[in-house]
1. Please compute the modelled spin-label separation between B:D387 and B:R524, points set 7 Å along Cα→Cβ, answer in nm with one decimal.
2. Rounded to the nearest angstrom and ordered from largest down, what semi-axes does the equivalent ellipsoid of the range B:554-780 get from its C-alpha gyration tensor (root of 5λ)?
3. Report, as an integer, the average count of C-beta atoms from other chains found within 10 Å of each Cβ along A:29-36.
4. Along the Cα-to-Cβ line of B:K217, 7 Å from the Cα, sits a label point; which residues in the range B:264-306 have backbone N less than 12 Å from it?
5. Which whole number gives the average, over all residues in A:15-26, of C-beta atoms from other chains lying within 10 Å of the residue C-beta?
6. Determine the shape class of the range B:193-241: with a ≥ b ≥ c the square roots of the Cα gyration tensor eigenvalues, call it rounded for a/c under 1.5, and otherwise prolate if a/b is greater than b/c, oblate otherwise.
7. If you average 1/r over every pair of different alpha-carbon atoms in the protein assembly as shown and take one over that average, what Kirkwood value in Å do you get?
8. Distance between Cα centroids, the range B:105-178 to the range B:237-274: provide it in whole Å.
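Read the figures in this text as sums done on the coordinates, not as results from a lab. Not measured: the values here are computed from a predicted model. As a convention, Cβ positions derive from the backbone with ideal geometry for all residues, glycine included, and neighbour counts pool all protein chains shown.
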Amino acid sequence: MTLEAEVQSLRQVPMFRDVDPARLKLLAFTSERVQFAGGQRFFSQGDPSDAAYVILDGRASVLLNTPGGDIQVAELGGNALVGEMGILSDTPRSATIMAAEPTTALRIDKRVFLELLAQFPQMSLAIMRELAKRLERTNAQLVAQSSS
Amino acid sequence: MEKSLFRYIWNHSKRDQLIVLAVVLGSLPFYFMSLDLPRQIVNQAIQGDAYRDGNPTAPFLHLSYDLPAWLGGSHLEIFEGFQVGRLGLLFGLSTLFLFFVIINGGFKYWINVAKGILGERMLRRMRFDLFTMVLRFTPEALRTVKSSETATIIKDEVEPIGGFIGDAFITPIFLGMQAITALVFIMIQNVLLGLIALGVIAIQFTIIPRLRRELLKLGKQRQLASRELAGRIAEVLDGIEVVHVHNSYNWERAEIGQRLFDLFTVRLKIYNRKFFVKSLNNFLAQLTPFFFYSIGGYFALRGTLDIGQLVAVIAAYRELPPPLKELIDWDQQRLDVQVKYDQVTQHFADERLGPLMLESGEVAAQDEPLVGPLVGEDIRVAGPHGDMIIEDGSFAVDLPASVALVSNGGAAASLLARIVARRSQEFSGRVRIGERDLAQLPRSVVGRRMAYAGVDPTLFPGSIRDNLIYGLRSRPLSRTEEDKRDMDKRIAEALRTGNPVESIADRWVDYESVGAKDEGDLDRILIELLDRIGMGDTIYLFGLAGRIDPDRDNTLAERVVDARHRLRETFQANGMADLVEPFDPGRYNRQASVAENLLFGVPISDEFKGRNLAENGKFRSAIDRAGLTDDLVHMGVQIAETMTEIFEGLPPGHSLFEQFSFIGAEELKDFEAILRRRGRGEGNLKGDDRTRLLALPLAYIEARHRLGLLDERMMGRIVEARGLVREVLENSASEGVEFYDPEHYCAAAPLRDNLLFGRISYQVANARLRVAEAVAAVVRELNLEEDIERIGLDYQVGTAGRLLSPQERASVSLVRCLVKRPDIFVIDGALAPFDEARSQQLVELLLGLFDQQSLFMVLPNDRQAGAFDVQLRFRDGKIVTEKTVAPAPRSSRPEPDAPQRITGEVV
């Protein structure tokens, strides 16, 4: 798998869909491709947020730490972006991510990511658009819940 | 130092000056004879005076002496000479002239060498004397003395003084003699011409020095201005952080620019004046020959002076101006260096210096442990503004004890700590320990039995070990074997110049006093102390990054190679084989760069490092022969294309460039141009472009950069080329690269690379941490820990320890005190770099370590004071002594566990 393939994966991520191809290539180039064994954690709930991950291959579980032990709340597959909220809001990890099987991911370093955003407004805009969409979705869900 | 430079020179070099002077005087008769010969050659041989009476022959080398009348006036015939013809006399006298030329040359040579050596010796003495005075600067003086200025003085300013010393006495005498000889000779030939020459000389000697007085004043200004310039540059450099923070570049640049302008103005004035005086001097010197030619010629025409005499007079006069000129120059130099010397002695004025540090033999008698009652009476310390910080303070403590000096927010606690540690003499009152006055304790006893760690840990450049044992080097204990002849020479020179005879090659470290048997044992003690203070991990990491010399430490090198194999087995057994890709002579290592894969070794010399490799002729010829050059250049083109594409638009200097790009921001344009040239056809690429492109793939790591440039076939070809590269490099007998060998230690690589013998995978998450843990486990298993930490002690701390973190500096400073095992250890702010929890831990540790000795510690508040036996508090200038009611029994005080060993990253 080469840089080009990684760029293709990044393009599938909604947040990066509108970003200029050359910038995506830079993002991929400045990221690291890492492999996790099944059961290995990307990070644990409460850890400082230092990176976001794009899953290239494999699956990962989202676990929440509760008094009754870890419970799985979701599962992530290919081209999923995870951990981006933590690095944007500079808060500790809100959940644990664990590889469900041997998984390959692209690790986007927080510092590099923020520097790219600072450097290329067009990239920031794309991110903002995606965040706004999410907020809208959440609002809609809230409305739906309260009305039901 | 003596007030007058001449007295200083005379006091220290009488004997040598007199010897040289004697030789100078001895050379004068020969000089005189060489002056007389031209006259004889012209008159007797050429004009034939000796044959005037029809004699066919004349005596050559006729030596006789007429005794003066008061000794009987008899004629003493020593050698009646050879009877020779006219031609014989001419050649004989000419040969004699040549002979004297050689003799005089020989004398001159010997005298110059002797003077040079004399000057160098005095310079060495003077520099050493000045350095000794540097050690004696009082604390008050040190507040105003600038280190860089002092260094300039000792290094540069005394240099011309040293050059002058050899000339100080000999030159005026020698030149004076020469001038007088020449003058007397002229006088003998013709009194009038002699008087004329004398008159002009008299004018020269009155006017010129007067004109030069101004020069001296300017010289003084120049000296001070350049000294201050040196001081200012050092200040800016030391405070560069502040300059950056406040963006005061323009101010600093203007400041230095102004200084340079002032310096230039002074120098210009000196320059103008100097050359004016010089041309006047030359004119006066040329005035005399004018008189000789006109007046002497007139006499010769009139017949009162024969031609031979005139020629001799003019020949003699030719000899006169150089010594005269040199004499005047000497005088100028004398005044010049006297000014310099005055400036230097002013810098080291007596009132800025403390007492001499020489100590006599009775020191040993006083070298007893510093225990018993420590009593301070009537201690008064004044603050900088005349206010009293401590007034009539008294205290009494039975040592050994742990004493907390609890600060009241003012300077009192710290000042008392300095008084107890004998770091400060600026107080009135008395501090006694037992029967002994603290102020009267010999320095050697204080140095040996006391330690003081202040806020600012001062480290010297060198290894951590050097810094740790700095306090154990008070005197040499045994001589190391050195060549007898060299040693005699070194000691003789040292004695002649008032330098110490001790050699730093001797054994200075007193192992017994710290309870060590030998060097290795001392290392063990140092490591143990560092461990306890919490710096063990750091030292271990330093050790892993360090290098060993397998020739010197063969067993360790072999053990590391064993550990390498053991580590490999561990990886295999625990399913960690994919964490590290080992260096395999037959396989491409995807985690390593192309250059490393081609060399399969570690570059030693710079010409094989980084981009230089692409320009290295031997390497290039090897990859040419392997047929790889075109492929690598092609890879370079692909990398350049990708880089110019993805880094375009980033401003130059952006941190992403430095961190990720193969191409620096400033080179981006160049590579774009290369790519455009290439676009017009591959053949257009010149050698230079090819070299630049070739440099790019050399740094390419397939697993890290993932540009997909290397396929299996290419990797195979690179592996095949390894042998060829090695062969070419080995045949060229260049020691540029040390090649990897799975069975041998690679001296050029750091220890950790030797342990891993491979590269950690970029692709496996958390690989570094997991590898570090595995390495630590194997190191523990094979008992290599201490050896590695021992190598860590070799870590260089850099100027003022800047390569260490503040916490590490403070730790080294503490251990430097601890290893001395002082009777009294005073800590004043040395724990400041540590956070509260660590500092609390360290206090407990120190209290445990100083079970049998005394510990004084300045504490910012009461929080930790309870653990100490005694607390000294400060109220309204008074000292209040409080004993802790029930301090924990000292022996049962729990000692904090040493921090968990060996964690953190390996690479």
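1. Rounded to a tenth, the inter-label distance reads 5.4 nm.
2. Semi-axes from the Cα gyration tensor: 33, 22, 15 Å.
3. Taking the mean over all residues of the peptide, I get 6.
4. It comes to no residues whatsoever.
5. Mean inter-chain Cβ contacts per residue within 10 Å come to 2.
6. Verdict is prolate for the range B:193-241.
7. The Cα-based Kirkwood calculation yields 38.2 Å.
8. About 29 Å separates the Cα centre of the range B:105-178 from the one of the range B:237-274.
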